[in-house]
Amino acid sequence: MALMHVDDLTMRFSGITAIERLTLDVQEGSITSLIGPNGAGKTSVFNCITGFYKATSGDIVFDGQSLINLKPYQITYRGIIRTFQNVRLFKNMTVLENVLSGTHSVSKQSIFGALARHSAARLEEKAVLESAEYFLEYTGIYNKRHELARNLSYGDQRRTEWARALASQPKLLLLDEPAAGLNRGEKDSLIELIRKLRSDFSITVFLIEHDMDLVMKVSEKVIVVNFGVKIAEGTPNQVQTNPQVIEAYLGSEEEEDEDGFIS
Amino acid sequence: MQYFTKIRQLLDNKFATRAILAALCVIMALLPLFLNNYVLNVLWNAFFYMLLAMGLNIIVGYCGLCDLGYAAKFAIGAYTTGILIKTYHWNFWLTLPASLAVSIIAALLIGGPTLKLRSDYLAIVTLGFAEIVRITARNSNITGSATGISAIPRPSFFGIRLVKPNHWYYVFLVLVIIFIIISGRIRNSRVGRALAFIREDEDAAQAMGVNTTSYKLLAYTIGAAMGGITGSFYAVKMTSISPSSFDFTQSVNILLAVILGGMGKIPGVIVGAAFFAIFPELFRDIPVIGDMRMLFFGILLIAVMLNRPQGLWPDKLGSEPGGLPGDINTVGRR
């Protein structure tokens, strides 16, 4: 069953069409990748799903309910969490506080609880702390939990972002270029982590990635977009041999091919 | 910077912090026995600025919103109490919930439409609103127009009429402690963290499920409510209030106290407010220099901000200066 169904989605910004009549399915429990050349509209799709952009037309149905017209925070409450292309941590806060932000949508203490500190509020505070610590351990960043996020190495910032996303106990995890800036070893452990968290928490993973090696290794389904239009869809093997995909990636001769797609 | 690190190390020790706080409470409680009325009044003034600075700190320090009209919040509380006592003969203590309610309603009316926009707009709207409040007060009969409201009777507390400087010293000391507890509880809670996430990165906060509009409104309302209550107590302490007590300079002073000490840090804000209230008094009686004390104060402020843009209060260990929540450059900027 499709956990998320994007139906005929179009997104235009003042004359430029970022996404055109895109239809795709993300199956429950799958690892699905969205790929395409630079500027193909991949991040726009994520921004529409998470409510940061308002789609011009079309529908996005998640878990049986439409996400259109919902605000980003409401979509997070529905169980979709994203990571950002350029790791957006709360830089002047500690790693632990960053991960606690993930627990915001799964806890409910109000200002009255904060001021009165009654037993329910204290219990919840203890529970979210334990949950945050669990995910800090899970992503291997526990020892640095009291450091400020901006003092971390890039790899550790990524880990923190992962822990933060997991702490919200999502149904669907959207990863925007999770391998960007990672070395080969880190990429291998990333692949392992993606597979592991799917089996540990039964999270569905939908990712945008430029690193074809990673995409082909980790995904069960690959969707290819170019100029906002879906040009291919299938298993990694099917997509890799699709002539339209090869053309989109190679394009005209002078276009750079930083992705090493056909290597 | 060496000595900042030393202080910080001491403060990071929980037992040491508690001992220092307990000692400080005892000293503050005993002080009126040894001090004359003038010094008590200076300290009272410091407490008063601490209350205002802690209220504004919820808005500016915790949530990163830029409020340039905080004087209006405290004017609303002061006038509500003043009018209810003078015109309607209410008991002072009963005016407090009324003052709280009026402050909250005013904050919701101003913040509601504004906070949906990017935070920068709030600076302009709060500035305008503060002027509207002041000019309305100056031109309305019920607020006593330009002369304000005078001869507001002093309240009683369990039979004691609060008339002596040491009475007010204790009343405001208790208020300061209550405000510290409120600020601390908000800071270390889900709500306080949500406000900090908004301050750090509004988009990422939304992505983590924080309803940024309603949390910004919440911070703004709490700050306004704290200002309103402070205003109510100010009205009965001073026994007279007039529009000139609530002008733009007052808003700037409170904001300076918050920034000087270190935005978002409760002890920092308290030190900033104390510094702000006490420093000019130290030079008052010295000839020549006394007349130029505000000039020296200005130079000192600039020097502090250049050397420690994150405020006077030492940072947590392991963090470097610059770009901190206490950095003026991050206020209201997205």
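The values are calculated or read from the model by the stated rules, or taken from the named source; none is laboratory data. Fair warning: this is a prediction, and the values are worked out from it, not measured in the lab. Glycine gets a Cβ as well: all are built from the backbone with ideal geometry, and neighbour counts include every protein chain shown.
A few comments on the model shown:
- Checking each residue in segment B:284-308 for being farther than 15 Å from B:V39 by Cβ and not in a helix (DSSP H, G or I) picks out B:I286, B:P287, B:V288, B:I289, B:R308.
- Qualifying position, being farther than 14 Å from B:G64 by Cβ, modelled with pLDDT of 90 or more, in a helix (DSSP H, G or I) and of a type outside the set (A, V, I, L, M), among B:G223, B:G227, B:G209, B:G192: B:G227
- For segment B:138-170, a residue qualifies if it is β-branched (V, I, T), out of contact with any His (no Cβ under 9 Å at 6 or more places or on another chain) and outside any loop (DSSP other than H, G, I, E, B), and the qualifying residues are B:T147, B:I149.
- In segment A:210-223, the residues that are at pLDDT 90 or above and over 19 Å from A:K196 (Cα atoms): A:V222, A:I223
- Considering segment A:75-94, and only residues there that are among the polar types (S, T, N, Q) and more than 8 Å from chain B (Cβ to nearest Cβ), the residue that is surrounded by the fewest Cβ atoms within 10 Å (Cβ to Cβ) turns out to be A:N86.
- For the condition surrounded by 14 or more Cβ atoms within 10 Å (Cβ to Cβ) and more than 14 Å from every other protein chain (Cβ to nearest Cβ), A:P178 qualifies.
- Total residues in segment B:172-207, condition surrounded by fewer than 18 Cβ atoms within 10 Å (Cβ to Cβ), more than 14 Å from chain A (Cβ to nearest Cβ) and over 20 Å from B:K265 (Cβ atoms): 1
- Cβ separations smaller than 7 Å between residues 6+ apart or across chains give the following pairs from segment B:87-107 residues that are buried (at least 18 other Cβ atoms within 10 Å of the Cβ) to residues that are not in a helix (DSSP H, G or I): B:F92/B:P155.
- From the options A:R198, A:R164, residue that is in a helix (DSSP H, G or I), in contact with a helix residue (DSSP H, G or I) (Cβ under 6 Å, 6 or more places away or on another chain), under 27 Å from A:S44 (Cβ atoms) and in contact (Cβ under 8 Å) with a residue 40 or more places away in the chain: A:R164
- Of everything listed in (1) within 10 Å of another protein chain (Cβ to nearest Cβ); (2) of a type in the set (S, T, Y); (3) in contact with a helix residue (DSSP H, G or I) (Cβ under 8 Å, 6 or more places away or on another chain), the single unmet condition for B:S214 is (3).
- Considering segment A:95-124, and only residues there that are within 15 Å of A:A167 (Cα to Cα) and more than 7 Å from every other protein chain (Cβ to nearest Cβ), the residue that is surrounded by the fewest Cβ atoms within 10 Å (Cβ to Cβ) turns out to be A:K108.
- Hey, B:A130 closer than 21 Å to B:D247 by Cβ and either at pLDDT 85 or above or within 14 Å of chain A (Cβ to nearest Cβ) (or both) or not: yes
- Count of segment A:239-250 residues which are assigned to a helix (DSSP H, G or I) and without any contact (Cβ under 8 Å) to a residue 12 or more places away in the chain: 2
- Each residue in segment A:61-112 was checked for being outside any loop (DSSP other than H, G, I, E, B) and over 14 Å from the mean Cα position of the chain (by Cα), and 22 of them qualify.
- Hits in segment B:269-295 (condition: touching a Phe, Trp or Tyr at 6+ places or on another chain (Cβ under 7 Å) and under 18 Å from B:V252 (Cβ atoms)): B:A273, B:F276, B:A277, B:F279, B:P280, B:R293
- Options B:G111, B:G64, B:G144, B:G55: the member that is surrounded by fewer than 22 Cβ atoms within 10 Å (Cβ to Cβ) and either more than 28 Å from B:L173 (Cβ to Cβ) or in contact with a Gly (Cβ under 6 Å, 6 or more places away or on another chain) (or both): B:G144
- Among the residues of segment A:133-161, those that are facing chain B (nearest Cβ under 10 Å) and either of a type in the set (V, I, T) or not in a helix (DSSP H, G or I) (or both) comprise A:H146, A:E147, A:L148.
- Selected residue (criterion: farthest from the chain's Cα centre (by Cα)) from residues of segment B:93-125 that are of a type in the set (S, T, Y) and modelled with pLDDT of 90 or more: B:T95
- Scoring B:M294 on the criteria (1) within 25 Å of B:A78 (Cβ to Cβ); (2) of a type in the set (A, V, I, L, M); (3) touching a residue at least 24 places away in the same chain (Cβ under 8 Å) leaves a single failure, condition (3).
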